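Q: Just passing along the structure, written as structure tokens.
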Amino acid sequence: MAKRNINKNIKETSSVAGATRAQENEMAKSKKLNMFSLSVIASLIAICVAPLKAELPSFSLSHFKQHSNLKMDEAFFRVINELDTEVAVYWVSQWCYQCLYQQLGVVPAMSSPGQPRSEEFIVSTQHEITLQVNSTSLIQELCTVPFHFGEQGNYSLWLKNTNNSVVNCSIVTDADPVNSYIPILVAFLVFAGLGLLSALGRAILALDLVRGVLFRITGTMETERLINSELGSPGRTVMPVTDNILPPPPSPSKRLRSLDTFRGISLIIMVFVNYGGGRYWFFRHESWNGLTVADLVFPWFVFIMGTSIALSINSMLRSGSSRTSLLKKVVWRSLQLFLIGILVINPNYCQGFLSWDNLRIPGVLQRLAWSYLVVACLDLLVARGHLDILPTDAWWSSCIDVLLYWPAWIFVLLLEILWLCLTFLLPVPGCPTGYLGPGGIGDMGAYANCTGGAAGLVDRWLLGENHIYQTPSARVLYATHMPFDPEGVLGSINSIVMAFLGLQAGKIILHYRDLHSSIISRFLIWGLILGVISAVLTKCSGDQGFIPVNKNLWSLPYVTTLACFAYVLLVLVYYTIDVKKWWSGAPFFYPGMNSILVYVGHEVFEDYFPFRWRMVNTQSHAEHLTQNLVAVSCWVLISYVLYRKKIFWKI
């Protein structure tokens, strides 16, 4: 390398036209100095590297060059072969259940003693992977190495023969990975600091001395407005405001802030993960079985919608509305939700009017519309307008919130039986009956075209292959190539069950109004019952149970598990907000009051500033996380401004 640089300098110097003699002499001196300097540097490098040549070929420069070109969730990996046989390297993710090994590459045999051969690869760092090294000539496994690579790290796998002819496979870390979770810690500290400052500000404003000063400076009305601002006052009672999906709850005196806060928590997390979640794998939907943060929020939104249905229908029946008029409103609102999902939340509208050839028919709002329609119609059939005349001393009064609505429970149980029959008994051509796997390389590649089993078949038959989701989450980990829609037809049955379980929470609130201990105890009992059902069906495992927890299928344990979590979370927000009044629900309360507007708005304006901008480094978790958190914060601020202006979008 030193000689090439020297020759290059000589050629460049000799090609200078019109140089004076003095300049030439000076350049000649400079050349000699450069030659001397480069010679010294080359000698030092040779002295330093010479002792290492027998063990480590000179790979370090290419290591650091490759390290700088890595993307998010990637690591640089080199396989160094000191064996006299060619080897093939395979890998499989530990997160991939019963998956085939996939070939990473082939490394040639050592060319001569002391001259190993190597190949370079890029590997994923999201989950632990298992590496398998096989001899291509003998067709046998040489070794298996489980390892969790770190993001942006450099690693080498050395293949050597030991004295007893056993292959030694060892992974060496050449360059330490980066800690990609630091941005999450920083973001948490920033928002926690803002929360503490807000709490401190409220405490200061509540002091009598500060109140007196503000009274003198700004006047009584302005001071009261400042002190009792919705940014901080946990004890303020808010008069009923029309919900964005349903009319107000039944209480004539106040609105349960915990319900809007619960809805807002679900919505804010949903917006965050839809915007990317900082490109962290646990803020994306699970590939198949299991749960991530992104898998929690949609069922919670469906759950709290069911709770709102119970409260709203009871309120309207108490006000004198007829069931026929309410049925018309329910049908019209469901149709509006469905049309918004089809016409507005449509990624193909830029390709022409709806692009009917490949328009996706299922979707989040479409499923909300379907669940709302069925559960609201059920409640209209069985709801009681005047609960205060019901007996409280009968033997069955402790189960009154269930027994009064037994026809609806029978209907929901029949729906669930229908889901079980279709899922486990419907024949699927080329696939085993009752198959719940992802297809692709899962199940050792035996059912590559069976993604989702009966659920996928029903969607392709009813909707057509071009009108369902083309890039399901199973594509990345399980290498599936079949379209599959997580908001498909069969899953909609269980979303109805989820909304109905939320409806049951509303019935509890109605029947035990102002009896906080009764409401909380029943919420916890329901959470326990649903948790036990989930434990039995899944055998407390991710993949080994009778039915797995699966968001793509909206399986029965997925519904019972998320409903269990919903009841527990509802207990927490209900107790802290509506019982003890320790928390006002801010800032989640505001988007919860305008949920449809926030959801539709975040989808429509996703690619516009300030929700998205051109990033300096698109392969940085920190920049993605910053952008996504700023976007979510903007929607919280927008919903707060709309709340202060008394602007609510209802359908």
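The values are calculated or read from the model by the stated rules, or taken from the named source; none is laboratory data. Owing to the predicted nature of the structure, the values given are computational and were not obtained by experimental measurement. All Cβ positions, even for glycine, are placed from backbone atoms using ideal geometry, and neighbour counts span all protein chains on display. With ligands, DNA and RNA removed, areas are computed over all heavy atoms of the protein, side chains included. Shrake-Rupley method; radii C 1.70, N 1.55, O 1.52, S 1.80 Å.
Q: Quick one: in segment 411-478, what % of C-alpha pairs are over 14 Å apart?
A: Looking at segment 411-478, the distances longer than 14 Å represent 61 percent of pairs.
Q: Order of 192-205, 290-303, 401-414 by packing, highest average Cβ count within 10 Å first?
A: 290-303, 401-414, 192-205
Q: Tell me which residues come under 5 Å, amide H to amide H, from LEU142 once H is placed; ignore anything under 5 positions away on its chain.
A: Correct list: VAL133, ASN134, SER135.
Q: Radius of gyration and Dmax for segment 169-219's Cα atoms, expressed in Å?
A: Here Rg and the maximum Cα pair distance are 23.4, 78 Å.
Q: Can you give me the C-alpha center-to-center distance between segment 252-302 and segment 93-171, rounded to a whole angstrom?
A: Value for the Cα centre distance between the two parts: 39 Å.
Q: Can you flag which of LYS581/LYS646; LYS539/LYS580; LYS329/LYS580 are past 31 Å Cα-Cα?
A: LYS539/LYS580; LYS329/LYS580
Q: Could you give the Stokes-Einstein D for segment 84-184 in µm² per second, using the C-alpha Kirkwood radius, 37 °C, 0.692 mPa s?
A: Translational diffusion coefficient: 221 µm²/s.
Q: If eta is 1.567 mPa s and T is 4 °C, what Stokes-Einstein diffusion coefficient results for segment 441-480, Kirkwood Rh from Cα pairs, in µm²/s?
A: The diffusion coefficient I find is 120 µm²/s.
Q: May I have the pair-distance distribution P(r) for segment 248-337, computed from all Cα-Cα distances with 5 Å bins from 0 and rounded to whole percent?
A: 3, 12, 17, 17, 16, 13, 9, 7, 5, 1, 0
Q: A further question on this structure: How many percent of all Cα-Cα pairs in segment 493-579 sit more than 21 Å apart?
A: Here the long-distance tail beyond 21 Å is 33 percent of all Cα pairs in segment 493-579.
Q: Also, quick follow-up: What is the Cα radius of gyration of segment 514-651 over 2.2 N^0.38 Å, N being its residue count?
A: Relative to the 2.2 N^0.38 Å estimate, segment 514-651 comes out at 1.38.
Q: What's the Kirkwood radius of segment 384-500 in Å, using all Cα pairs?
A: Mean inverse Cα-Cα distance, inverted, gives 16.7 Å.
Q: Sticking with this structure for a sec: How much accessible area per residue does segment 483-586 have, in Å², with a 1.4 Å probe?
A: 33 Å²
Q: Would you kindly derive the ³J(HN,Hα) couplings of segment 317-322 from the backbone phi angles with the Karplus curve 6.51 cos²θ - 1.76 cosθ + 1.60 (θ = phi - 60°), listing them in order in whole Hz, with x for Gly and Pro?
A: These are the phi-based 3J(HN,Hα) values: 5, 5, 7, x, 5, 7 Hz.
Q: Oh, and also: Find out how many positive minus negative residues lie around ASN81, taking Lys and Arg as positive, Asp and Glu as negative, among other residues whose Cβ is under 11 Å from that of ASN81.
A: -1
Q: In sequence order, what are the phi-derived ³J(HN,Hα) couplings for segment 449-464 according to the Karplus relation 6.51 cos²θ - 1.76 cosθ + 1.60 with θ = phi - 60°, rounded to whole Hz, with x for glycine and proline?
A: Each residue of segment 449-464 in turn: 9, 10, 3, x, x, 5, 4, x, 5, 4, 5, 5, 6, 7, 9, x Hz.
Q: Quantify, in whole percent, the carbon and sulfur part of the accessible surface of segment 385-498 (1.4 Å probe; protein heavy atoms only).
A: Roughly 69 percent of what the probe reaches on segment 385-498 is carbon or sulfur.
Q: Taking the mean number of other Cβ atoms within 10 Å as a proxy for protection, how do you rank 463-473, 495-505 from highest to lowest?
A: Ranking, from highest mean packing down: 495-505, 463-473.
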